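S.K.: Below is the structure I would like to discuss, written out as structure tokens.
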Amino acid sequence: MTLTREQAPPVVRKPVGERRRRHDGLATTLMVAPATVLYVVMLIVPVGLALYLSLTDWDGFSADPAFVGAANYVTLLDDPDLRRAALVTLLVAAAGTAGLNLLGLGFALLVNGASRANTFFRIVLFYPHVLSALVVGFLWSAILGTSGAVNNLVTTWGGAVIPFLSDPAWATVTMIAVLVWAGFGVNVVLYLAGLQAVPHSLVEAARIDGATRWQVFRNVTLPALGPSVTVNIVLSLVTLLKTYDLVVSLTAGGPAGQTQTVAYLILWNSFHDARLGFGSAQSVLLMLVTAALAFVVTKLRRRGELAVHQ
């Protein structure tokens with residue numbers, strides 16, 4: 001039976017707005033999907049695998065890891081090497097974060113402004129960060145080692161050898177100084193971006209009112225740089241807490257293990273001692289401590305920013 005046009009049921013068309021929303025939602029999903037897959041594969045899966053391995057006694061070679069529960073976590077809490085490495089790591093993170101941000105902000109103020117000289121100095125300041133941390137470590141080891149360039153000059157002039165890398169205290173200070181030298185260029189760039197966002201009208205108004213340069217910086221520039229300071233502190237802290245590559249090439253954890261960081265100790269236990277399960281437990285603990293410190297620092301900085309603007 002053939003229906004006439006008048007007898008045929010009406011065609012229900014979806015509203016144009018609904019079709020557009022569905023199309024936009026599908027397009028958004030397709031664009032986000034590659035990043036989501038990459039995030040899951042590169043972060044979620046490794047973290048889950050580390051959590052699983054931390055509950056085993058795997059040596060990295062056997063086919064079936066032996067499940068030991070929380071035994072690795074109990075062991076690491078009584079590990080004197082981990083306690084020493086934790087103290088070194090916290091010292092490096094605290095002193096390094098202060099150095100990176102003080103130098104970064106100071107040099108950013110010096111090279112702020114559009115000129116060829118400032119452009120040149122920005123490149124020079126950022127260049128150490130381009131180098132691999134391993135290369136930086138080997139470079140400074142050749143300069144500051146017992147038979148390095150500096151000590152050769154000192155002994156030639158009749159002086160005593162300076163134990164930059166052979167004395168525990170000297171080696172720790174040297175390592176922090178090299179870390180700051182290699183990384184503060186990033187802080188300079190981030191602070192320069194923050195300085196560009198400081199309202200020029202406020203600076204001019206403060207100068208017209210008779211404020212000195214220090215008063216302008218303290219009362220106008222620094223409060224406006226609050227978000228940049230927060231980002232720089234958190235990034236510096238997280239980066240320094242997982243320092244290992246420069247330790248490998250500069251001090252190799254010496255002398256007598258006094259410059260071992262937690263990240264360096266994790267790699268040593270995991271691959272040199274074939275205790276991948278124990279190393280995974282240490283890495284999980286480091287991840288939790290890093291996340292907690294980053295959260296606390298961010299909260300404190302946000303609270304400080306709000307207090308300044310109130």
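The values are calculated or read from the model by the stated rules, or taken from the named source; none is laboratory data. All values derive from a computational prediction rather than experimental measurement. Heads up, the Cβs are rebuilt from the backbone with ideal geometry, glycines too, and the neighbour counts pull from every protein chain shown. Protein only, heavy atoms only, side chains kept; ligands, DNA and RNA dropped before computing areas. Shrake-Rupley method; radii C 1.70, N 1.55, O 1.52, S 1.80 Å.
S.K.: If I filter segment 120-132 for residues that are open to solvent by 60 Å² or more (accessible area, probe 1.4 Å) and at positive phi, do I get at least one hit?
M.R.: Checking segment 120-132: not a single residue is open to solvent by 60 Å² or more (accessible area, probe 1.4 Å) and at positive phi.
S.K.: Within the group 190, 237, 246, which residue is assigned to a helix (DSSP H, G or I), open to solvent by 50 Å² or more (accessible area, probe 1.4 Å) and in contact (Cβ under 8 Å) with a residue 60 or more places away in the chain? Step through it out loud before you land on a result.
M.R.: Details: 237 fails: open to solvent by 50 Å² or more (accessible area, probe 1.4 Å); 246 fails: open to solvent by 50 Å² or more (accessible area, probe 1.4 Å).
None of the other options fit; the residue is 190.
S.K.: Return only the number of the condition from (1) in a loop (DSSP other than H, G, I, E, B); (2) open to solvent by 100 Å² or more (accessible area, probe 1.4 Å); (3) at pLDDT 85 or above that residue 102 does not satisfy.
M.R.: (1)
S.K.: For residue 141, work out the one condition from (1) buried (at least 16 other Cβ atoms within 10 Å of the Cβ); (2) polar (S, T, N, Q); (3) under 21 Å from the mean Cα position of the chain (by Cα) it doesn't fulfil.
M.R.: If we test residue 141 against (1) buried (at least 16 other Cβ atoms within 10 Å of the Cβ); (2) polar (S, T, N, Q); (3) under 21 Å from the mean Cα position of the chain (by Cα), just (3) comes out false.
S.K.: Could you grab me the full set of residues in segment 76-99 that are over 18 Å from residue 264 (Cα atoms) and buried (at least 16 other Cβ atoms within 10 Å of the Cβ)?
M.R.: Those that are over 18 Å from residue 264 (Cα atoms) and buried (at least 16 other Cβ atoms within 10 Å of the Cβ): 95, 97, 99.
S.K.: Hey, residue 259 hits all of (1) in a helix (DSSP H, G or I); (2) buried (at least 20 other Cβ atoms within 10 Å of the Cβ); (3) out of contact with any Lys or Arg (no Cβ under 9 Å at 6 or more places or on another chain) but one; which does it fall short on?
M.R.: Condition (1) is where residue 259 drops out.
Listed here are the residues, each with its yes/no results for (1) in contact (Cβ under 8 Å) with a residue 40 or more places away in the chain; (2) part of a helix (DSSP H, G or I); (3) surrounded by 13 or more Cβ atoms within 10 Å (Cβ to Cβ); (4) among the acidic types (Asp, Glu).
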| site | (1), (2), (3), (4) |
| --- | --- |
| 58 | yes, no, yes, no |
| 62 | no, no, no, no |
| 109 | yes, yes, yes, no |
| 114 | no, no, no, no |
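S.K.: Also: Of the residues that make up segment 162-180, is at least one surrounded by fewer than 17 Cβ atoms within 10 Å (Cβ to Cβ), β-branched (Val, Ile, Thr) and at pLDDT below 90?
M.R.: No, segment 162-180 contains no residue that is surrounded by fewer than 17 Cβ atoms within 10 Å (Cβ to Cβ), β-branched (Val, Ile, Thr) and at pLDDT below 90.
S.K.: Only one of 210, 254, 279 is open to solvent by less than 30 Å² (accessible area, probe 1.4 Å), more than 17 Å from residue 133 (Cβ to Cβ) and assigned to a loop (DSSP other than H, G, I, E, B). Can you tell me which? Write out each step before concluding.
M.R.: On the way: 210 fails: open to solvent by less than 30 Å² (accessible area, probe 1.4 Å); 279 fails: assigned to a loop (DSSP other than H, G, I, E, B).
Checking each option against the conditions leaves just 254.
S.K.: Count, please, the residues in segment 217-234 that happen to be open to solvent by less than 10 Å² (accessible area, probe 1.4 Å) and either in a helix (DSSP H, G or I) or under 22 Å from residue 164 (Cβ atoms) (or both).
M.R.: Total satisfying the criteria: 3.
S.K.: Given (1) under 30 Å from residue 186 (Cα atoms); (2) part of a helix (DSSP H, G or I), where does residue 153 come up short, assuming only one miss?
M.R.: (1)
S.K.: State all residues of segment 197-207 that are open to solvent by 70 Å² or more (accessible area, probe 1.4 Å) and in contact (Cβ under 8 Å) with a residue 24 or more places away in the chain; if no residue qualifies, say none.
M.R.: Hit for segment 197-207 is 197, nothing else.
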